[in-house]
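The values are calculated or read from the model by the stated rules, or taken from the named source; none is laboratory data. Please read these numbers as outputs of a predicted model, since none were measured by experiment. Positions of Cβ are backbone-derived with ideal geometry, glycine not excepted, and every protein chain shown enters the neighbour counts. Heavy atoms of the whole protein, side chains included, go into the accessibility calculation; ligands, DNA and RNA do not. Shrake-Rupley method; radii C 1.70, N 1.55, O 1.52, S 1.80 Å.
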Amino acid sequence: MSPFALTRTLPADTTGEALRADVRAGLTAEPKWLPPKWSYDARGSRLFEEITALPEYYPTRAEREILLDRAGEIAAASGAGTLIELGSGSSDKTRHLLDAMAGLRAYVPVDVSESALREAGEAIAARHPGLGVHALVADFTAPLALPGTPGPRLLAFLGGTLGNLLPVERAAFLDSLRAVLAPGDLLLLGTDLVKDEATLLAAYDDAAGVTAEFNKNVLHVLDRELGADTTRTPSGTSRCGTRSASGSRCACGRGAG
């Protein structure tokens, strides 16, 4: 079995402090908002994996098909010694890249969920003997301190997660990526194409109600971390306090996965 290491760059009290700050700022604003990252505790990550398997939810299938078809070309073009993945979650689709990158020496998954990182990282380390897996518990929207790993590096940001960021946040995030990339490094970015409204609404408001349960999961996080009372909300508003265009689902957003 190849080595597995996990590093926390977030101090022990950072999560609670950041969550309280986001709740104060987001739920006193108009319209109300909460950053999508707070939905992804262990339960939220499991629910999101269920969402990616729903018949209405096309983005994960489409991106997986692209990776299956193009992983060899991506590996050859990058010549990467290290694959860094931001918002790695279960690293499910990334396995197609890892299988194709024969010269890869290190994999650095980055996520705010320590439980998801540990489960996925240990599984990948077992599957790829000789590959160093260094998981990083970090907020990728903040400046990153990446471990020293062999270059060139391929930095992957998949799942259309870029769409979770507002334009000003997106610009700052892309600037931060440029700051950590060295000459010869590459960025692999996954984004959705323009879709008709009916397709989008079906994908993000599924008939089985899994997306609704995922959106409500942020309330469990608030209850657990802050002791917040999130049991009552006005009709037509999601229980995290944000209203969608249809009035039926959370507007706080999530990546395509």
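Can you tell me the orientation of helix 210-226 relative to the chain, as the angle in degrees between its alpha-carbon axis and the longest Cα principal axis, to the nearest 10?
90
Counting other Cβ atoms within 10 Å, keep those with at most 15, restrict to DSSP loop, and tell me which trypsin sites (Lys or Arg not before Pro) in region 41-89 are left. Provide the component values of the computation, followed by the final result.
Values: sites: ARG43, ARG46, ARG61, ARG64, ARG70; in loops: none.
Listed in order of number, the matching sites amount to none.
Cross-link partners among aspartates and glutamates for LYS32, C-alpha distance below 12 Å, same-chain residues fewer than 8 apart left out?
Excluding near neighbours in sequence, the set is ASP22.
Which FRET efficiency value, to the nearest 0.05, is calculated for ARG118 and ASP196 with the Förster distance at 35 angstrom and r the Cβ-Cβ distance? Write out the running numbers ahead of the final one.
On the way: r = 40 Å, r/R0 = 1.13.
Approximately 0.30, to the nearest 0.05.
Between ALA42 and THR28, what length in nm is gained on full extension when 0.36 nm per residue of separation is reduced by their alpha carbon distance?
Numbers: separation 14, 0.36 × 14 = 5.04 nm, distance 2.71 nm.
Fully extending the segment from ALA42 to THR28 adds 2.3 nm.
With charges set only on the Cβ (+1 for Lys and Arg, -1 for Asp and Glu), what does the dipole of region 26-118 come to about its Cα centre, in debye to the nearest 20?
Values: 11 positive and 14 negative charges, 38 e Å.
The calculated dipole for region 26-118 is roughly 180 debye.
Could you give me the radius of gyration and the Dmax of region 20-170, taking only the C-alpha atoms into account and expressing both in angstrom?
In Å, with Rg to one decimal and Dmax whole: 16.3, 51.
Could you derive backbone 3J(HN,Hα) for region 191-208 from the dihedral phi with the Karplus parameters 6.51, -1.76 and 1.60 (θ = phi - 60°), listing whole Hz in sequence and x where the residue is Gly or Pro?
So the Karplus estimates, Gly and Pro as x, are 9, 8, 8, 5, 10, 6, 4, 4, 5, 5, 4, 5, 5, 10, 8, 5, 5, 6 Hz.
Roughly to the nearest percent, how much of the accessible area of the chain is carbon and sulfur, given a 1.4 Å probe? Spell out each step's value before the answer.
Details: 7150 of 12650 Å².
So the carbon and sulfur contribution to the accessible surface is 57 percent.
Using a 1.4 Å probe and counting only protein heavy atoms, arrange HIS220, HIS128, HIS134 so the residue with the most accessible area comes first. It would help to have the intermediate numbers written out before the result.
Numbers: HIS220 85, HIS128 30, HIS134 55 Å².
Descending accessible area places them as HIS220, HIS134, HIS128.
How large are Rg and Dmax for region 1-82 when calculated on the C-alpha trace, in angstrom?
18.6, 51
Could you name the aspartates and glutamates in cross-link range of LYS93, using Cα to Cα under 17 Å and dropping any fewer than eight places away on the same chain?
Once the sequence-local aspartates and glutamates are set aside, what remains near LYS93 is GLU49, GLU50, GLU63, GLU65, ASP69, GLU73, GLU85, ASP111, GLU119, GLU122, ASP192.
Along the charge dipole of region 32-89, which of TYR40, ALA76, SER88 sits closest to the positive end, that is, farthest toward it, with unit charges on the beta carbon of Lys, Arg, Asp and Glu (+1, +1, -1, -1)?
TYR40
Based on the Cβ-Cβ distance from ARG178 to THR7, what FRET efficiency comes out when R0 is 22 Å, to the nearest 0.05?
Taking R0 as 22 Å, the efficiency between ARG178 and THR7 is 0.45.
So the label point goes 7 Å from the Cα of ALA208 along Cα→C-beta, right? Which residues of region 39-61 then have their backbone N under 17 Å from it?
Zone members listed by number: 43-61.
I need the calculated FRET efficiency for the pair HIS220 and ALA21, taking r as the beta carbon distance and R₀ as 22 Å, to the nearest 0.05.
Rounded to the nearest 0.05, the efficiency is 0.70.
With charges set only on the Cβ (+1 for Lys and Arg, -1 for Asp and Glu), what does the dipole of region 97-138 come to about its Cα centre, in debye to the nearest 20? Write down the numbers at each step before the final one.
Details: 3 positive and 5 negative charges, 34 e Å.
My answer is approximately 160 debye.
Checking the cross-link filter: which lysines have an alpha carbon closer than 17 Å to that of LYS37, excluding same-chain neighbours under 8 positions apart?
Correct list for LYS37: LYS216.
Quick one: Cα convex hull volume of region 149-216, Å³ per residue?
Details: hull volume 9.2 nm³, N = 68.
Considering the Cα atoms of region 149-216, their hull volume per residue is 135 Å³.
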